[in-house]
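K.L.:
Before anything else, here's the structure in question.
The values are calculated or read from the model by the stated rules, or taken from the named source; none is laboratory data. Everything numeric in this text was worked out from a predicted model, so none of it was measured. Methodologically, a virtual Cβ is constructed for each residue, glycine included, from the backbone with ideal geometry; neighbour enumeration extends over all protein chains shown. Side chains are part of the model used for accessible areas, which takes the heavy atoms of the whole protein and leaves out ligands, DNA and RNA. Shrake-Rupley method; radii C 1.70, N 1.55, O 1.52, S 1.80 Å.
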Amino acid sequence: MEVKNQSSISDFLLLGFSEHQEQQPLLFGLFLGMYLVTLLGNLLIILAIGSDPHLHTPMYFFLANLSFVDTCFTCTIVPKVLVNIHTQQHTISHTGCLLQMYYFMALALLDDFLLAIMAYDRYVAICLPLHYTTVMCPQLLVATSWLCSNLLALSLTLQMAQLSFCASHSIPHFFCDVPPLLKLACSDTHTFQVTMLTEAILSGIIPLTCILVSYAHIMHTILRIPSAGRKHKVFSTCGSHLTVVTVFYGTLFLPEEQACEGGFVETV
Ligand SMILES: *[C@@H]1O[C@H](CO)[C@@H](O)[C@H](O)[C@H]1NC(C)=O
């Protein structure tokens, strides 16, 4: 096979869409279309927020950060899928695979942390409006999230780099996701799995708790507002955040196969 000739021993094969030869042009078009829509949509959001001084508030900065993260997220996965479908070579180098895994995890964690920060932002804005400017420190919150998500992703990626892959190098997926890589590893993955589980639980529970507690306080405050019109107005400032949260956690809780596709669609 020509694929073998040009690839080194340590390369991986991403076989996610390698079957169904006749559907390759369709897949290519579909991915390209979604890719362009995602890029365009997110860039428009960032531009709109950047250019309108009315939108220079922490909530919209967070939203712009979320768009930026989604743009990067798409860029770590889709271009490689497009190249692989186009060239019909499904290889990715060992380093490329680790990098993809690193960015995928770091950006997914960052998305998760930003959603929690946005919930906190809504909580402070609605429940402690008088303290908003003193309590809210967007730069610090964003910087901490970047740092945490990168450190968490780095620790897992460094551990993954230690694993050896001796038998198959074929990943039945369209990017270097952690579970399929782990299945291929032939060294002991126990430490890795313990680290991953700990990180997954922490990064799952802490932001979700933050979101739930914030909204519990928000609901409590809103229910005490006497006028129905004002109730609705206050609640509507949470609308865009609630939508993103629902989509994000909705796709997380799907079964694995669908979650991969859902996770991809979510960024669109
Ligand atoms: C991300 O948020 C920070 C803090 O609010 C802000 O200064 C920065 O401009 C935002 N980045 C983007 C790309 O909008």
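K.L.:
Tell me yes or no: at least one residue of segment 208-219 is free of Cβ contacts under 8 Å to residues at least 24 places away in the same chain and under 16 Å from residue 129 (Cα atoms).
P.N.:
So far as segment 208-219 goes, yes, one or more of its residues are free of Cβ contacts under 8 Å to residues at least 24 places away in the same chain and under 16 Å from residue 129 (Cα atoms).
K.L.:
Is there a residue being over 30 Å from residue 158 (Cβ atoms) and either more than 16 Å from the ligand (Cβ to nearest atom) or outside any helix (DSSP H, G or I) (or both) anywhere in segment 66-83?
P.N.:
So far as segment 66-83 goes, no, none of its residues is over 30 Å from residue 158 (Cβ atoms) and either more than 16 Å from the ligand (Cβ to nearest atom) or outside any helix (DSSP H, G or I) (or both).
K.L.:
Output the number of the condition that residue 66 fails; it satisfies all remaining conditions of (1) open to solvent by 40 Å² or more (accessible area, probe 1.4 Å); (2) at pLDDT 90 or above.
P.N.:
(1)
K.L.:
Restricting to segment 163-183, what's the tally of residues that are out of contact with any strand residue (DSSP E or B) (no Cβ under 7 Å at 6 or more places or on another chain) and in contact (Cβ under 8 Å) with a residue 60 or more places away in the chain?
P.N.:
Count: 5.
K.L.:
Still on this structure: Output the number of residues of segment 195-208 satisfying the condition of being open to solvent by less than 70 Å² (accessible area, probe 1.4 Å) and closer than 23 Å to residue 120 by Cβ.
P.N.:
6
K.L.:
Does residue 192 qualify as being at pLDDT 85 or above, open to solvent by less than 20 Å² (accessible area, probe 1.4 Å) and in contact with a strand residue (DSSP E or B) (Cβ under 7 Å, 6 or more places away or on another chain)?
P.N.:
no
K.L.:
Does residue 187 satisfy the condition of being in a helix (DSSP H, G or I), closer than 30 Å to residue 81 by Cα and away from the ligand (no atom under 14 Å from the Cβ)?
P.N.:
Here the answer is no, as residue 187 does not meet what is asked.
K.L.:
Restricting to segment 149-177, count the residues that are open to solvent by 60 Å² or more (accessible area, probe 1.4 Å) and assigned to a helix (DSSP H, G or I).
P.N.:
The qualifying residues number 4.
K.L.:
Does segment 25-42 contain at least one residue that is within 11 Å of the ligand (Cβ to nearest atom) and open to solvent by 50 Å² or more (accessible area, probe 1.4 Å)?
P.N.:
Taking every residue of segment 25-42 in turn, none turns out to be within 11 Å of the ligand (Cβ to nearest atom) and open to solvent by 50 Å² or more (accessible area, probe 1.4 Å).
K.L.:
Could you list, in sequence order, all residues of segment 220-255 that are open to solvent by less than 50 Å² (accessible area, probe 1.4 Å), free of Cβ contacts under 8 Å to residues at least 24 places away in the same chain and in a loop (DSSP other than H, G, I, E, B)?
P.N.:
225
K.L.:
Find the residue count for segment 50-65, including only residues that are part of a helix (DSSP H, G or I) and either more than 9 Å from the ligand (Cβ to nearest atom) or within 24 Å of residue 176 (Cβ to Cβ) (or both).
P.N.:
5
K.L.:
Another question, if that's okay. crowded, with 17+ Cβ neighbours inside 10 Å, touching a residue at least 12 places away in the same chain (Cβ under 8 Å) and away from the ligand (no atom under 16 Å from the Cβ): is that true of residue 88 in this structure?
P.N.:
Details: crowded, with 17+ Cβ neighbours inside 10 Å: no; touching a residue at least 12 places away in the same chain (Cβ under 8 Å): yes; away from the ligand (no atom under 16 Å from the Cβ): yes.
Considered against the rule, which asks whether it is crowded, with 17+ Cβ neighbours inside 10 Å, touching a residue at least 12 places away in the same chain (Cβ under 8 Å) and away from the ligand (no atom under 16 Å from the Cβ), residue 88 comes out as no.
K.L.:
If I filter segment 91-105 down to residues being of a type in the set (S, T, N, Q) and open to solvent by less than 40 Å² (accessible area, probe 1.4 Å), which single residue comes out as farthest from the ligand (Cβ to nearest atom)?
P.N.:
Filtering first and then ranking leaves 91.
K.L.:
Working carefully through the options 119, 108, find the one that is open to solvent by less than 10 Å² (accessible area, probe 1.4 Å), of a type in the set (Gly, Ala, Ser) and either under 20 Å from residue 211 (Cα atoms) or touching a His at 6+ places or on another chain (Cβ under 6 Å) (or both).
P.N.:
Just one listed residue meets the conditions, 119.
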